[in-house]
Amino acid sequence: MDDSLLTEQPARQTGSPAVIFDLDGTLLDTLEDLADSCNEALVHCGFPPRTIDEVRQFVGNGLGVLMERAVPQGRQNPRYDEAVQEMRSCYARNWHNKTKPYRGIPELLEALGKQGIRTGIVSNKPDTQVKELAGLYFSGTISRQAAAGEREQEGVRRKPFPDSVLAVMDVLGADKARTIYVGDSDVDIATAHNAALPCISVCWGFRSRTFLQQHGARQLADTPEELLAAVTAALAAPGVPHPSI
């Protein structure tokens, strides 16, 4: 793991240390449910299905962008809007058929909690499903109030805008000087930058180590154990400054 991000800055302790996590590809392996729902929607609309590796590359920017990439001709296709609505309906049925936490994630969250590090979730998937997934898989470590999804209809812009990250930090009472963002994609790297937070990129999700490095990742973790060690070193001890951006 690259430790170059762990450089000292003066700490400003006005709240709690915190870690804000992306959801899909970071905490939960949701790929099969997303792919199944995508293909149900595509077939319903008369389009060819996509492979799971194709869907892996389509995710990260919300269901609308996923379907824009999956539907032939994207938004220019006259059935694009229908495909998006069908995808939302399919995923509302399929969202926890095959989804599961990545190995070591429950233990990671429990360990952070024992150290007094608060945790939250920010995702580009629908807010209702983000809260349902948080309640189903992480009820003992992450509150539903600290799990935020897509709410653009309420004026909360999706990632990579920082709106949801800042809102979750407020819920957690997080000290921005001791908050780290963790994700698995280029969208997450951009989100952390826009929120003026350091980012640790994880390599077990939907994007490869090479891809992440090509898109500006400065610190990477190959396992939840490596991530825990990096976060603990940066945030756990009072007065220890967090990584630089």
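Annotations for the structure displayed:
- Helix 31-44 axis, angle to the chain major axis (alpha carbon atoms, nearest 10°): 20 degrees
- Taken about its Cα centre, segment 114-245 carries a charge dipole of roughly 120 debye when the Cβ of each Lys and Arg holds +1 and the Cβ of each Asp and Glu holds -1.
- Temperature 25 °C, viscosity 0.890 mPa s: under these conditions the Stokes-Einstein estimate for segment 1-149, based on its Kirkwood radius over C-alpha pairs, is 146 µm² per second.
- Rounded to whole numbers, the Karplus 3J(HN,Hα) couplings from phi for segment 53-66 are 5, 5, 4, 3, 7, 8, 7, x, 10, x, 5, x, 5, 3 Hz, using 6.51 cos²θ - 1.76 cosθ + 1.60 with θ = phi - 60°, and x at Gly and Pro.
- Share of Cα-Cα pairs in segment 122-245 lying beyond 24 Å, as whole percent: 26 percent
- In the full protein context, the chain carries 42 Å² of accessible surface per residue, based on a 1.4 Å probe and ignoring ligands, DNA and RNA.
- Heavy-atom accessible area order for Asp170, Asp24, largest first, 1.4 Å probe: Asp170, Asp24
- Share, in percent, of DSSP beta bridges within the chain that are antiparallel, nearest 5: 15 percent
- For Val43, solvent-accessible area (1.4 Å; no DNA, RNA or ligand), Å²: 90 Å²
- Among Ser143, Ser164, the sequence by solvent-accessible area, most first, with a 1.4 Å probe is Ser143, Ser164.
- The angle between the Cα long axis of helix 163-172 and the main principal axis of the chain comes to about 50°, on a 0 to 90 degree scale.
- CD proxy at 222 nm, helix term only [per DSSP H run n ≥ 4: -39500 (n - 2.57); per residue of the chain; nearest 500]: -11500 deg cm²/dmol
- Simple point charges give the picture: +1 on the Cβ of Lys and Arg, -1 on the Cβ of Asp and Glu, and for the chain a dipole about the Cα centre of about 320 debye.
- Ligands, DNA and RNA left out, the accessible area of segment 139-212 computed with a 1.4 Å probe is 51% carbon and sulfur.
- Angle between the chain longest axis and helix 80-94 axis [Cα atoms, degrees, rounded to 10]: 60 degrees
- Karplus 3J(HN,Hα) series, Hz, for segment 111-126 with 6.51 cos²θ - 1.76 cosθ + 1.60 (x for Gly, Pro): 5, 5, x, 5, 8, x, 8, 7, 10, x, 10, 10, 9, 9, 7, x
- Cys199 contributes about 20 Å² of solvent-accessible surface, heavy atoms of the protein only, 1.4 Å probe.
- Shown here are the Rg and Dmax of the Cα trace of segment 166-226, at 11.9, 35 Å.
- In this structure, the amide hydrogen of Glu150, modeled 1.01 Å from its nitrogen in the peptide plane, lies closer than 5 angstrom to those of Lys125, Asp127, counting only residues at least 5 positions away or on a different chain.
- Toward the positive end of the charge dipole of the chain, with +1 on the Cβ of Lys and Arg and -1 on the Cβ of Asp and Glu, the farthest Cα among Ser16, Ser139, Pro48 is that of Ser16.
- Diffusion constant of segment 78-140 at 37 °C, which comes from Stokes-Einstein with the Kirkwood Cα-pair radius and 0.692 mPa s, µm²/s: 238 µm²/s
- Amide H contacts of Ser16 (H built 1.01 Å from N, in plane; Pro and chain starts excluded): Ala174, Asp175 sit under 5 Å, all sequence-distant by 5 or more or on other chains.
The values are calculated or read from the model by the stated rules, or taken from the named source; none is laboratory data. Worth saying up front: this structure is predicted, and the values here are computed from it rather than measured. Positions of Cβ are generated from backbone atoms using ideal geometry, with glycine treated the same way; all protein chains shown enter the neighbour counts. Accessible surface areas use protein heavy atoms only, side chains included; no ligands, DNA or RNA. Shrake-Rupley method; radii C 1.70, N 1.55, O 1.52, S 1.80 Å.
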